[in-house]
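Worksheet: one structure, shown below.
The values are calculated or read from the model by the stated rules, or taken from the named source; none is laboratory data. What you see is a predicted model, and the numbers here were worked out from it, not measured in a lab. When we count neighbours, we look across all protein chains shown, and the Cβ atoms used for this are built from the backbone with ideal geometry, even at glycine. These area figures cover heavy atoms from the full protein model, side chains too; ligands, DNA and RNA do not enter into them. Shrake-Rupley method; radii C 1.70, N 1.55, O 1.52, S 1.80 Å.
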Amino acid sequence: MTVLTKEQLAQFDRNGCLVINDFFSISRAEALKSRAKELLTNFSLEGHPMTQFSTGTSNQQHVGDDYFLTSGNKIHFFFEEGAFDDHGQLKVSKERAINKIGHGLHILDPAFKAFSINETISAMTREIGFQSPQVLQSMLIFKQPYIGGRVPSHQDSSFLYTKPLSAVGFWFALEDCTETNGCLWFKPGSHKTTPISKRFVRDPEGTGTKFIPVENHSSSTADENDDEFVKCEVKAGALVLIHGSVVHKSAPNFSPTSRYIYTFHVIEGKAEYLSDNWLQPQDGEQFTSV
Ligand code: FE2
């Protein structure tokens, strides 16, 4: 099976990102969006650490950290920063307050598992150059109307660090993504010029996470307002491939239109996966081969 053309592979290599329009059908996008909405509706606030963040003791912070750090093989719900008022109460309905669901949809949810782990994806990973590809996390990222948060400029390999670097993001538009509802913005070619200078690790002195510098690299100079960013507006059904070192970001959604996307990341199974990376295989499981 051949999925990507030579031109597409060359473009991905040159830009560090590649848009494949109409990769999946509108009806598939609608079905996945419905499933995402079902997850939002069915999830219960009871027992969720958000209920405990509001009182803010260190012990309760720890509960929140655990909820995040153990989410690799679970379906956990993470809130928008702007979702709470000063008293820790939700300002909007829970369905509108969730920023993302992660990080084990590709393991646990039948619809997203089938969409993620299949022959087409497997073929594409090999065309990109993977020998032993593994899906290590998946996320639904919502930018709900008026509340969807910005994602500051970053490189995915900071969060999914391997030696040598190998992470690639598969990013699927479940809805049209526009400048107004928070589409992606890339610095084309930055994967070749901007080294990974920091990585996101489990804090050995606490219960949470932090960034640490990567040896031999001075800190990154990625600038939010850099005019080299190019907007990446896509229609529902598009797949965007994202090189782990390409600098990208997205704006907040202050519009009345939501922006739902699904994404997962692949790393090379033969590369070294660092034991202090924030995301670790859970419960003795391995990352999912594709
Ligand atoms: Fe990213």
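Out of the total accessible area of the chain (probe 1.4 Å, heavy atoms of protein only), what percent is carbon and sulfur? Display every interim value, and only then the final one.
On the way: 6790 of 13600 Å².
Percent of accessible area from carbon and sulfur atoms in the chain: 50.
Kindly flag which residue pairs out of LYS33/LYS270; LYS231/LYS270; LYS100/LYS231; LYS37/LYS235; LYS94/LYS270 have an alpha-carbon separation exceeding 29 Å in this structure.
Details: LYS33/LYS270 34 Å; LYS231/LYS270 34 Å; LYS100/LYS231 22 Å; LYS37/LYS235 19 Å; LYS94/LYS270 40 Å.
From LYS33/LYS270; LYS231/LYS270; LYS100/LYS231; LYS37/LYS235; LYS94/LYS270, over 29 Å: LYS33/LYS270; LYS231/LYS270; LYS94/LYS270.
Please work out the average accessible area per residue across segment 1-140, using the 1.4 Å probe convention, and give it in Å².
Working: 7070 Å² over 140 residues.
Per residue, segment 1-140 has an accessible area of 51 Å².
So the label point goes 7 Å from the Cα of TYR146 along Cα→C-beta, right? Which residues of segment 86-101 then have their backbone N under 18 Å from it?
86, 89-99
Round to the nearest 0.05 the FRET efficiency obtained for LEU108 and ASP226 when R0 = 51 Å and r is the Cβ-Cβ distance.
Working: r = 38 Å, r/R0 = 0.75.
So, using R0 = 51 Å, E works out to roughly 0.85.
For the modelled label position 7 Å from the Cα of THR178 along Cα-to-Cβ, which residues of segment 125-164 have backbone nitrogen atoms closer than 19 Å?
142-150
Between SER34 and LYS192, 0.36 nm times their residue separation minus their Cα-Cα distance comes to what?
Details: separation 158, 0.36 × 158 = 56.88 nm, distance 3.80 nm.
Net length gain for the segment: 53.1 nm.
Setting aside same-chain residues fewer than 8 positions from LYS198, which lysines have a Cα under 17 Å from its Cα?
LYS163, LYS210, LYS249
Quick test of your reading: applying the under-4.7 Å Cβ rule, which cysteines of the chain are isolated?
Within the chain, the cysteines lacking a partner Cβ under 4.7 Å are CYS17, CYS232.
What is the extension gain from ARG14 to SER44, computed as 0.36 nm multiplied by their sequence separation minus the C-alpha to C-alpha distance, in nm to one decimal?
Working: separation 30, 0.36 × 30 = 10.80 nm, distance 4.45 nm.
Extending this stretch completely gives an extra 6.4 nm.
What is the calculated FRET efficiency for LYS235 to ASP283, with r their C-beta to C-beta distance and R₀ = 41 Å, to the nearest 0.05? The partial results should precede the final answer.
On the way: r = 38 Å, r/R0 = 0.93.
That gives a FRET efficiency of 0.60.
I need to check one value: relative contact order of the chain, counting alpha carbon pairs closer than 8 Å and at least 6 residues apart, in percent. Each step should come with its number before you reach the end.
Details: 631 pairs, mean separation 85.3, N = 290.
So the answer I get is 29 percent.
Restricting attention to segment 108-212, which GluC sites (Glu not before Pro) occupy a DSSP loop and are surrounded by at most 15 other Cβ atoms within 10 Å? Show your work: numbers first, answer last.
On the way: sites: GLU119, GLU127, GLU175, GLU179, GLU205; in loops: GLU175, GLU179, GLU205.
For GluC sites (Glu not before Pro) across segment 108-212 that sit outside H, G, I, E and B with at most 15 neighbouring Cβ atoms in 10 Å, the list reads GLU179, GLU205.
Among all the aspartates and glutamates, which ones have a C-alpha under 13 Å from LYS6's C-alpha, if same-chain residues fewer than 8 places away are not counted?
Of all the aspartates and glutamates, those that pass the test against LYS6 - Cα under 13 Å, at least 8 places apart if same chain - are GLU127.
With a/c under 1.5 counting as rounded, go ahead and sort the chain into rounded, prolate or oblate using the C-alpha gyration tensor (a ≥ b ≥ c being the square roots of the eigenvalues; past the cut-off, prolate if a/b is larger than b/c, else oblate).
Rounded is the answer for the chain, as its axis ratio a/c remains below 1.5.
With a 1.4 Å probe and all protein chains in place, put VAL234, VAL3 in order of accessible area, largest first.
On the way: VAL234 10, VAL3 45 Å².
The ordering from most to least exposed comes out as VAL3, VAL234.
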